[in-house]
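The values are calculated or read from the model by the stated rules, or taken from the named source; none is laboratory data. Here the structure is a predicted model, which is why all the values come from computation and not from measurement. A quick note on method: Cβ atoms are made from the backbone with ideal geometry, for glycine too, and the neighbour counts reach across all protein chains shown.
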Amino acid sequence: MIKIPGLVVILGSPNDDSGELSEMGKGRVSKGLEEYLAKRNLGWKLLLTGGFGEHFNMTDHPNAYYAKQILLENNVSAVDIVEFAESSDTVDDALKARPIVDKYSVDSLIVVSSDFHLNRVKFIFGEVFPDKNIAFSASPYLDNVGTEQQAILLNHEKKELESLINFRRSHLVGVDLDSWKLPDSDSLTQSKI
């Protein structure tokens, strides 16, 4: 099997009934393309997540397919996109990406998502990939929506992350989770490998 040194993992997002990615999704693909172009000469490839679900994709193709079309239109070679992780949510993104990462003996990941989503992504991918070098890259989105939508998104993320942390605490005795703080709007950062 071919060893790939690193993968840029672009997380899925909603698309409409014709397969058009949401602005959120287009932003993630754009940021992922930027990360890929910076690493392409080092042998890095792309892994796209996103399958089907009532809340984000009801078409005949997985959500990742639509992201791939945008990448192909931007002159990314199809051979630089590994198989899809056809996931239904963020936890599923990481769980379905894991066997693909293992298949190619990948050492490093750059996980791309929207700015408001990144704290939860860091927690989940940190749990599923504790043995990998992981960087996270934020696609700007919050500044593109109104304050009411910002509050809805941040509140949802806070509740989801809190639920994940509480689940982790209740199921694993002796694991130190004190370093995982609930996010506030100023804690959204971008890191690079």
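Farther than 16 Å from residue 35 by Cβ, in contact (Cβ under 8 Å) with a residue 60 or more places away in the chain and under 15 Å from the mean Cα position of the chain (by Cα): does that describe residue 116?
On the way: farther than 16 Å from residue 35 by Cβ: yes; in contact (Cβ under 8 Å) with a residue 60 or more places away in the chain: yes; under 15 Å from the mean Cα position of the chain (by Cα): yes.
Yes, satisfied.
Quick check on my filter: what residues within region 68-89 are more than 24 Å from residue 38 (Cβ to Cβ) and either touching a helix residue (DSSP H, G or I) at 6+ places or on another chain (Cβ under 7 Å) or among the small types (Gly, Ala, Ser) (or both)?
Pass one, region 68-89, residues more than 24 Å from residue 38 (Cβ to Cβ): 86-89.
Once the filter is applied, which keeps residues that are more than 24 Å from residue 38 (Cβ to Cβ) and either touching a helix residue (DSSP H, G or I) at 6+ places or on another chain (Cβ under 7 Å) or among the small types (Gly, Ala, Ser) (or both), region 68-89 yields 86, 87, 88.
Out of all the residues in region 124-183, which are at pLDDT 95 or above, outside any loop (DSSP other than H, G, I, E, B), among the hydroxyl-bearing types (Ser, Thr, Tyr) and over 27 Å from residue 105 (Cα atoms)?
147 - this is the single residue of region 124-183 that is at pLDDT 95 or above, outside any loop (DSSP other than H, G, I, E, B), among the hydroxyl-bearing types (Ser, Thr, Tyr) and over 27 Å from residue 105 (Cα atoms).
Of all residues being outside any helix (DSSP H, G or I) and crowded, with 18+ Cβ neighbours inside 10 Å in region 57-85, which is modelled with the lowest pLDDT? Just the residue, please. Please lay out each step first, then the result.
Residues of region 57-85 outside any helix (DSSP H, G or I): 57-62, 74-77, 81-85.
From what's left, crowded, with 18+ Cβ neighbours inside 10 Å: 57, 62, 76, 81-82, 84-85.
Values: 57: 72, 62: 92, 76: 98, 81: 98, 82: 98, 84: 98, 85: 96.
Selected residue: 57.
Looking only at region 1-29, count every residue that is in a loop (DSSP other than H, G, I, E, B), of a type in the set (A, V, I, L, M) and more than 21 Å from residue 116 (Cα to Cα) and tell me the total. If you could, list the steps in order and put the result at the bottom.
Of region 1-29, the ones in a loop (DSSP other than H, G, I, E, B) are 1-5, 11-14, 16-20, 22.
From what is left, the residues that are of a type in the set (A, V, I, L, M) are 1-2, 4, 11.
With the extra rule that they be more than 21 Å from residue 116 (Cα to Cα), the set shrinks to 1-2, 4.
Qualifying residue count, region 1-29: 3.
Take the residues in region 30-50 that are assigned to a helix (DSSP H, G or I) and among the aliphatic types (A, V, I, L, M), then tell me which one is surrounded by the most Cβ atoms within 10 Å (Cβ to Cβ).
Within region 30-50, the first condition is being assigned to a helix (DSSP H, G or I), and the residues that meet it are 30-42.
Restricting the remaining residues to those that are among the aliphatic types (A, V, I, L, M) gives 33, 37-38, 42.
Numbers: 33: 21, 37: 14, 38: 14, 42: 9.
Looking at residues that are assigned to a helix (DSSP H, G or I) and among the aliphatic types (A, V, I, L, M), I get 33.
Which of (1) in contact (Cβ under 8 Å) with a residue 12 or more places away in the chain; (2) surrounded by fewer than 20 Cβ atoms within 10 Å (Cβ to Cβ); (3) closer than 14 Å to residue 9 by Cα is the odd one out, the single condition residue 99 does not satisfy?
(1)
Take the conditions under 19 Å from residue 129 (Cβ atoms) and in contact with a Phe, Trp or Tyr (Cβ under 7 Å, 6 or more places away or on another chain) and apply them to residue 5. Does it pass?
Values: under 19 Å from residue 129 (Cβ atoms): yes; in contact with a Phe, Trp or Tyr (Cβ under 7 Å, 6 or more places away or on another chain): yes.
Yes: the conditions hold for residue 5.
Keeping to region 107-120, report how many residues are surrounded by fewer than 24 Cβ atoms within 10 Å (Cβ to Cβ) and touching a Gly at 6+ places or on another chain (Cβ under 6 Å).
Final tally of qualifying residues: 1.
Considering each residue of region 1-14, count those that are crowded, with 20+ Cβ neighbours inside 10 Å, farther than 10 Å from residue 64 by Cα and either aromatic (Phe, Trp, Tyr) or in contact with a helix residue (DSSP H, G or I) (Cβ under 8 Å, 6 or more places away or on another chain) (or both), and give that number. Working first, answer last.
Within region 1-14, the subset crowded, with 20+ Cβ neighbours inside 10 Å is 4, 6-13.
Restricting the remaining residues to those that are farther than 10 Å from residue 64 by Cα gives 4, 6-9.
Adding the requirement that they be either aromatic (Phe, Trp, Tyr) or in contact with a helix residue (DSSP H, G or I) (Cβ under 8 Å, 6 or more places away or on another chain) (or both) leaves 6-9.
Adding up the residues that qualify gives 4.
Are any of the residues in region 10-31 β-branched (Val, Ile, Thr) and more than 22 Å from residue 145 (Cα to Cα)? Break it down into steps so the answer makes sense when it comes.
The initial filter retains those residues of region 10-31 that are β-branched (Val, Ile, Thr), namely 10, 29.
Add one more test, that the residue is more than 22 Å from residue 145 (Cα to Cα), and what stays is none.
No: zero hits.
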